[in-house]
Structures are given as structure tokens and as C-alpha cells.
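Undergrad: Got a structure here, written out as C-alpha cells. Questions coming.
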Amino acid sequence: AFRFFPLRAVQNAYKRMERSEQRLKFALESGRFGVWDWDIKRNIMIWNDRMYDIYGASRDATRFTMEAWQSYLYPQDHDRVAEDIKPDAIGEKGLNTEYRITRQDGTVRYIKTDGILLRDEDGKPSRLISLNQDITESRHLEEEREELLCGLKQALLEVKQLSGMLPICSSCKKIRNDEGYWEQIEGYIERHSDAEFSHGIC
């Protein structure tokens, strides 16, 4: 029993590792996450199938390096993301950023990326593993919501609402204002709204 104990411990460890890998695989597939593993020293990126789907890229057409990946970045986001992705800028907190990409068919997609930096025995950056999610639809909904809110705020600033009951003379059509004086209906409405009157004879 003593002799076989280490072997059993190793077997149990492998079983736990396999279960962890299965849970990770399920999480990646169900969450529709793309994964890339960047070997920093050799400058090679390994992508899973979902990454190719997100980027609209062909597995056979491209050998992915950091420069090849950066070629997909939206021009206005390129410099910022290039700085975010540098190993020295990531630190212990890991990578957490959002950006746009331009797919090979010309469509623009929003991507959310979270990653961890691995170091070698000497403490130097060796690999960057990243989870990527296409958040285009949610970003479009947020943009539409912001546009609606901005439009509503602007409308509220521009509109002066007339409400309540207005005492009006049935003969001369003057309106009694809040001070109790009678005034022309045109003047009253112009002071309480953005409407303007032009006079003429019908």
C-alpha cells in the first residue's frame, strides 16, 4: 500500500485536472469565448475555432503573430490597444480592455478581452492567454440607448409645455395671465413656448 500510494495520488491529480479541463471547455463553448495563446518569445499566436469565427478569418490563410492580430484592430483603437497589450503594461492585474476590429469582409465588431500574463523561471513574460468575446450587439444597444437619452434630454430642454386651464375671453380672445391681467393670446403663447406668430389676413 505504501509503494502504490504515490501512483494513486498522481492518478487522482490527473483526474482532477481532466475534470477542470472539461469544465473549462464547457465554459468556453457555452460562453462563445474565443481564446488566443501568445508565445511572446517566439511571437506566435494560437487561436481556437471561435477566434476564427469572431474575426472572420481563415485558419489556413493566416499565420498569426502579434503584428498580424494588430492588423485587424480598428484604426482609431490601434495605438491604445497596442499599448494595453504590452507585457510591461499588463502587470499583476492582467489584461482587461475593449476595442473594435475590422473583419476581412469589412464589418466592424466590438471585442472584450481579458487575459493573464505568464512568466518564465527568470520572471520574464513568456505567454499571454486571453479570453475574447464579441460584444457588438450589446454595444449597439448601449449606443442606441445613449442616443435616445440624449435626444430626450435635448427635447426636454427645447420644449416649454403649456398645461392647465387657460381663461380666455369668448369675445376678444385675450387670455388672463397668472397676474390676473388680460393679454393677447399670441404674446402669452410666445412667452410660454418657442412658438412664434406671424400676422396676416385670412
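The values are calculated or read from the model by the stated rules, or taken from the named source; none is laboratory data. What you see is a predicted model; the values in this text were computed from it and never measured. Cβ coordinates were reconstructed from backbone atoms using ideal geometry, including for glycine residues, and neighbour counts include every protein chain displayed. The area values use the complete protein model at the heavy-atom level, side chains included, leaving out ligands, DNA and RNA. Shrake-Rupley method; radii C 1.70, N 1.55, O 1.52, S 1.80 Å.
Undergrad: Could you pull out the trypsin sites (Lys or Arg not before Pro) across region 102-154 that fall in loop regions by DSSP (anything but H, G, I, E, B) with no more than 15 other Cβ atoms inside 10 Å? Numbers along the way, then the final one.
TA: Numbers: sites: Arg103, Arg109, Lys112, Arg119, Arg127, Arg139, Arg145, Lys153; in loops: Arg103.
Counting only loop positions with at most 15 other Cβ atoms within 10 Å, the trypsin sites (Lys or Arg not before Pro) in region 102-154 are Arg103.
Undergrad: Now, a different point. Which loop-located GluC sites (Glu not before Pro) does region 69-151 contain, where loop means any DSSP state but H, G, I, E or B and the Cβ has at most 12 other Cβ atoms within 10 Å? Display every interim value, and only then the final one.
TA: Details: sites: Glu83, Glu92, Glu98, Glu121, Glu137, Glu142, Glu143, Glu144, Glu146, Glu147; in loops: Glu92, Glu121.
Those satisfying the criteria are Glu92, Glu121.
Undergrad: Can you work out the FRET efficiency for the pair Asn48 and Ser138, with r the C-beta to C-beta distance and R0 = 30 Å, to the nearest 0.05?
TA: Working: r = 22 Å, r/R0 = 0.73.
In this case the efficiency is close to 0.85.
Undergrad: Now a separate question. Describe numerically, in nm with one decimal, the distance between label points set 7 Å from Cα along Cα→Cβ at Asp39 and at Asn177.
TA: It is 8.3 nm.
Undergrad: Okay, next question. Residues in region 78-108, backbone N under 13 Å from the label point at Ser58 (7 Å along the Cα-to-beta-carbon vector): list them, ranges by number please.
TA: Answer for this model: 104-105.
Undergrad: What's the local net charge at Ile54, with K and R +1, D and E -1, over the other residues with C-beta under 9 Å away? Please list the in-between numbers first.
TA: Details: positive: Arg32, Arg50, Arg103, Arg109; negative: Asp53, Asp134.
Cβ neighbours under 9 Å give a net charge of +2.
Undergrad: Could you tell me the accessible area of Ser138 in Å² (1.4 Å probe, neighbours in place), rounded to the nearest ten?
TA: 50 Å²
Undergrad: Please compute the length gained on full extension between Gln70 and Val108, using 0.36 nm multiplied by the number of residues separating them and subtracting their Cα-Cα distance. Each step should come with its number before you reach the end.
TA: Numbers: separation 38, 0.36 × 38 = 13.68 nm, distance 1.42 nm.
Roughly 12.3 nm would be gained on extension.
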